[in-house]
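Peer 1: Take this structure, written in structure tokens, and hold onto it; I'll ask about it next.
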Amino acid sequence: MDRMMAIDYGDSRVGVAVSDALGITAQGVETIKNTGRRALFSRLGELIDEYKPSVIVIGLPKNMNGTLGERAEKSIEFEKQLKEIYDGKTELFDERLTTVSAIRTLNETNTRGQKRKNVVDTVAAVLILQAYMERMK
């Protein structure tokens, strides 16, 4: 089975996770500091080359009532831009509450301060990918 990748896109940081080769579990790869489109897409291109995902799942942060707000629109635009460097399948996935769940997980593991800031987006990407894989079963 091919690997899958998930991206939790944000203005400041972008979390990346990948599945194992069997598509059973999701692992965090890294949080990329979003310093601009060129640097971000350069690093994403490197990760895509390394992991060769068959699909990239992008978190779509819908409002709690299911509507699309400004953050969701930015994720949709990000998906369009990603297709300029990745010709595989992309899929937007409802990620409501994944950041809340990521923060809860970090609270449970007592992760604080700068380390927390550095990993929350990666943890969110893991949660997005795990939920996506479970839905696909």
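Peer 1: Computing the accessible area with a 1.4 Å probe over protein heavy atoms, can you report the carbon and sulfur percentage for the chain? List each step's numbers first, then the result.
Peer 2: Details: 3740 of 7460 Å².
About 50 percent, which is the carbon plus sulfur part of the accessible surface.
Peer 1: With +1 on each Lys and Arg Cβ and -1 on each Asp and Glu Cβ, and nothing else charged, work out how big the dipole of the chain is about its Cα centre, in Debye to the nearest 20.
Peer 2: Values: 21 positive and 20 negative charges, 87 e Å.
Magnitude of the dipole: close to 420 debye.
Peer 1: Give me the percent of DSSP beta bridges within the chain that run antiparallel, rounded to the nearest 5.
Peer 2: Details: 11 of 21 bridges.
Rounded to the nearest five, the antiparallel share is 50 percent.
Peer 1: Another one. Once amide H atoms are built 1.01 Å from N in the peptide plane, which residues 5 or more positions from G10, or in another chain, come under 5 Å H to H?
Peer 2: G15
Peer 1: Here's another thing I want to ask about it. Under the Karplus relation 6.51 cos²θ - 1.76 cosθ + 1.60, θ = phi - 60°, what is the ordered set of whole-Hz ³J(HN,Hα) values for segment 3-20, x standing for Gly and Pro?
Peer 2: 3J(HN,Hα) across segment 3-20, in whole Hz: 6, 10, 10, 10, 10, 9, 7, x, 4, 9, 9, 10, x, 10, 9, 9, 7, 6.
Peer 1: Please work out which option in (1) 15.6; (2) 17.3; (3) 14.9 gives Kirkwood radius over Cα pairs in Å calculated from these coordinates, and answer with its label.
Peer 2: It is the value labelled (3).
Peer 1: Continuing with the same structure: Report, in deg cm²/dmol and to the nearest 500, the calculated mean residue ellipticity at 222 nm for the chain, where each DSSP H run with n ≥ 4 adds -39500 (n - 2.57) and the sum is divided by the residue count.
Peer 2: Values: 4 runs with 63 residues, N = 137.
So the calculated ellipticity at 222 nm is -15000 deg cm²/dmol.
Peer 1: Find how much the distance from L68 to T35 grows on full extension, using 0.36 nm per residue of separation minus their present alpha carbon separation; answer in nm with one decimal. Show your work: numbers first, answer last.
Peer 2: Working: separation 33, 0.36 × 33 = 11.88 nm, distance 2.51 nm.
Roughly 9.4 nm would be gained on extension.
Peer 1: If R0 is 22 Å, what FRET efficiency do you get for L22 and E46 from their C-beta distance, rounded to 0.05?
Peer 2: Details: r = 24 Å, r/R0 = 1.07.
So the FRET efficiency works out to roughly 0.40.
Peer 1: Report, ordered by chain and residue number, the aspartates and glutamates lying within cross-link reach of K52, taken as a straight Cα distance under 15 Å and ignoring same-chain residues fewer than 8 apart.
Peer 2: Within the straight-line limit of under 15 Å, K52 reaches these aspartates and glutamates: D2, D20, D87.
Peer 1: Under 10 Å, Cα contacts only: if you run a Gaussian network model on the chain, which one of N63, N107, N34 comes out with the highest mean-square fluctuation?
Peer 2: N107
Peer 1: Can you list the HN-Hα couplings for segment 62-70, worked out from phi with the Karplus curve (6.51, -1.76, 1.60; θ = phi - 60°), rounded to whole Hz and with x for Gly and Pro?
Peer 2: Those phi angles translate into 6, 5, 4, 8, x, 7, 9, x, 4 Hz.
Peer 1: Let me ask something additional. Where only protein heavy atoms count, and the probe is 1.4 Å, what is the accessible area per residue for the chain in Å²?
Peer 2: On the way: 7460 Å² over 137 residues.
That works out to 54 Å² per residue.
The values are calculated or read from the model by the stated rules, or taken from the named source; none is laboratory data. Keep in mind that this is a model prediction, so the values were computed, not measured. No Cβ is skipped: glycine too gets one built from the backbone with ideal geometry, and neighbour counts run over all protein chains shown. Surface areas here come from the heavy atoms of the whole protein model, side chains and all, with no ligands, DNA or RNA. Shrake-Rupley method; radii C 1.70, N 1.55, O 1.52, S 1.80 Å.
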